[in-house]
Amino acid sequence: VGRFPRLVLAALAVAVGVQVCASADVNLGLVDVLGRSMPSLRDGLEHPSRPAAGVVLLARADRLLPDAPVMLVDVSGDRGTSYATAFAYELYPRRRLYGPPAVWPSSIVAYARARGARYLLVRRRRTAAPWRLPPGLTRLRSTPCCVLAEVAAR
Amino acid sequence: VTTVVQLAGVAALAAVGWPLVGALAAGARGLVERVSLAIWLGYAPLTLTLFLVGLVVPYGRATAILCVLVAAGATVLVRVRLGATADVPAPMAADALVSPRADRLIALAAGAATLVLLAQPVVLAVRGLPVAYDFYAIWGFDAKVFFVRGTPAFVHGFNHAYYPAAAPFHHLFLDLLAGRASSGLQLLPSALEFAALVGVTRYLARRLGAPPALGSLVGLLVCAGASATIFSALSGYGDLPLTAGLTVAAGAGVIWLRGDDRALLLSAAGAALAAWSKFEGLPSVLLVLAAVLAGAHALGRGELRRAAATWLAVVAAAIVPWWAFVASEGVGGGREHVSRLYLEPGFILSNVGRVLVRPGDFALWWPLMLGLLALTAPAWWRAGAATRTLVLLTLAELVAVLSAYVVSSHAGSVQDVRATAPRLYVHWMPTVALAVACGVAAAVRAPREPPGRTN
């Protein structure tokens, strides 16, 4: 084997070795790394113009609170989102309730209780204003554009 | 029950594609290689059948099973009509990368490392990793819509409903088998299909003349792309079938240049899958066709028009029904992706380049592979028109992806380039790995071979 082929084989061995080690290292933190490399999921929750955000929220709720009655409240004012949310309701007909923005925030707790919802998933536009929930709701998780809250018992 | 359904879904793909392996993939050896090819050759026929049958028969579990039978019947007919492929001689000991013994050790080590890396997506799939945004919003959403409505009916005004729909129909098939629409059902099948892509790449590497040990290294490189690869494998987007389709289209196209006539149809089958998988699939495979025809012209092959017509007919059969359906539904056609010219090459280059060297996405994959291609350039350039075509085609496709940002509505946003570039470049990783294999093989063989050998 001549000098050039040896050089190529050595370069190939180094390349494969380095890449496999780097790849394994990157992927060792599996969920963490993928969490970092999947910004689109978080962006999807927080992106004000994404028309499918309602679906994403429901799917998220599906993972966070399987089988729990979650009411989705969309106060963002995005027409596309409201449309998608309405359709998402069609996809999850048994477990999901759709809360119209008109009831936010004054009567939302009574509205949720009346429909058997134990949780609210609220989506709004990203603003600098502090996120205040009305009495009767306890924040569980939140991002700049949405909050998951538990509805207090009567 | 869920795992049984997931495995049954992958088995159905393999059953549909199995007859095509015998008809199109000359020299496929061993169960793993044949099953890998069968899974990806069955993907387009089964999902297309599900789409077309759904236009007349309401969706249900029985419809899914009916579609498997119809698609398998069609592929058996193709196998009967074409007959078996010609024999391809096994590689000889003299064709070793280093020496027969060292090659066996390299292949063993590479195979073990490949299994370890492939275990990662499988473990993540079993754990039910959070699925990405576009799965909920587009690829998985379409499947849910079709499942709930019992027919391929769109939600008008929704995100990109016109996208080529191989992946949504794949997910729908699993939903129908399970009897419920579930966001996580596609994870394990996707992980196994990704493993099949590694098997397909190894087959193509061997047929392109790489010694078996080098083929094993190529398989390892395909699954060693850090988180970008795993994301592409598990996301449920159209990227995984697109990657498989492009790899087969380019690899088999060059095998055709090396004298295997049946490989033209294999290339067309890959191109059909790519065009049926994602919006960018069709322009990408047309570039593949142009490059392969240019290579054939350089090699003095005849009947190029007939070859091109056959290839295009197979691709058209896969995508034209969908276009017709999309047009009849009036759900748009992708104009939102194209903007006025964005002539900021510096911005595009720096942002895309930054993505390609981001450790969390690809680790060092792109600098290392492009470095190997540069190092072996004198060897692959002199190795003949077929090898040269593969490498130049690959580089042209990488530049084409970059150029697409000039007309893309995403080009001006750092965040959008960050979100799209990893996905777009993942599509070409197996083909780049094949090109590297050809370059290395040419460099190692050059001193052993008499001058004047072509392709």
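Determine if region B:223-238 includes at least one residue that is closer than 15 Å to B:L424 by Cα and away from chain A (no Cβ under 14 Å).
The answer is yes, given that some residue of region B:223-238 is closer than 15 Å to B:L424 by Cα and away from chain A (no Cβ under 14 Å).
Identify all residues within region A:1-13 that are in a helix (DSSP H, G or I) and within 8 Å of another protein chain (Cβ to nearest Cβ); write none if there are none. Talk me through it step by step, then tell me what you get.
Of region A:1-13, the ones in a helix (DSSP H, G or I) are A:3-13.
Within region A:1-13, A:F4, A:P5, A:L7, A:V8, A:L9, A:A11, A:L12 qualify.
Of the residues B:A233, B:A205, which single one is farther than 29 Å from B:C67 by Cα and buried (at least 24 other Cβ atoms within 10 Å of the Cβ)? Give the steps one after another, and end with the answer.
Details: B:A233 fails: farther than 29 Å from B:C67 by Cα.
Every option except B:A205 fails the conditions.
Can you name every residue in region B:262-308 that is touching a Phe, Trp or Tyr at 6+ places or on another chain (Cβ under 8 Å) and over 21 Å from B:L24 (Cα atoms)?
Once the filter is applied, which keeps residues that are touching a Phe, Trp or Tyr at 6+ places or on another chain (Cβ under 8 Å) and over 21 Å from B:L24 (Cα atoms), region B:262-308 yields B:K278, B:F279.
Might you let me know whether region B:182-194 holds any residue that is within 11 Å of another protein chain (Cβ to nearest Cβ), under 18 Å from the mean Cα position of the chain (by Cα) and in a loop (DSSP other than H, G, I, E, B)? So that I can check it myself, show each step before the final result.
If we filter region B:182-194 for residues that are within 11 Å of another protein chain (Cβ to nearest Cβ), which is where we start, we get B:182-184.
Those left that are additionally under 18 Å from the mean Cα position of the chain (by Cα): none.
There is no residue in region B:182-194 that is within 11 Å of another protein chain (Cβ to nearest Cβ), under 18 Å from the mean Cα position of the chain (by Cα) and in a loop (DSSP other than H, G, I, E, B).
Quick one: which of B:V355, B:V436, B:V406 is more than 25 Å from B:I255 (Cβ to Cβ), within 14 Å of chain A (Cβ to nearest Cβ) and hydrophobic (A, V, I, L, M, F, W, C)? If you could, list the steps in order and put the result at the bottom.
Numbers: B:V436 fails: more than 25 Å from B:I255 (Cβ to Cβ); B:V406 fails: within 14 Å of chain A (Cβ to nearest Cβ).
One residue alone meets the criteria, B:V355.
Residues in region B:176-184: is at least one within 23 Å of B:A275 (Cβ to Cβ), crowded, with 24+ Cβ neighbours inside 10 Å and at pLDDT 95 or above? Steps first, please.
First, the residues of region B:176-184 that are within 23 Å of B:A275 (Cβ to Cβ): none.
No, every residue in region B:176-184 fails to be within 23 Å of B:A275 (Cβ to Cβ), crowded, with 24+ Cβ neighbours inside 10 Å and at pLDDT 95 or above.
Does B:A252 count as touching a helix residue (DSSP H, G or I) at 6+ places or on another chain (Cβ under 8 Å), crowded, with 24+ Cβ neighbours inside 10 Å and more than 14 Å from chain A (Cβ to nearest Cβ)?
On the way: touching a helix residue (DSSP H, G or I) at 6+ places or on another chain (Cβ under 8 Å): yes; crowded, with 24+ Cβ neighbours inside 10 Å: yes; more than 14 Å from chain A (Cβ to nearest Cβ): yes.
When the stated conditions are applied, B:A252 passes them.
Could you check region B:134-154 and list, in sequence order, the residues that are facing chain A (nearest Cβ under 9 Å) and of a type in the set (D, E)?
Residue satisfying the conditions is B:D134 alone.
The values are calculated or read from the model by the stated rules, or taken from the named source; none is laboratory data. Everything numeric here is computed off the predicted structure, so don't read it as measured data. Neighbour counts run over all protein chains shown; Cβ positions are idealised from the backbone, glycine included.
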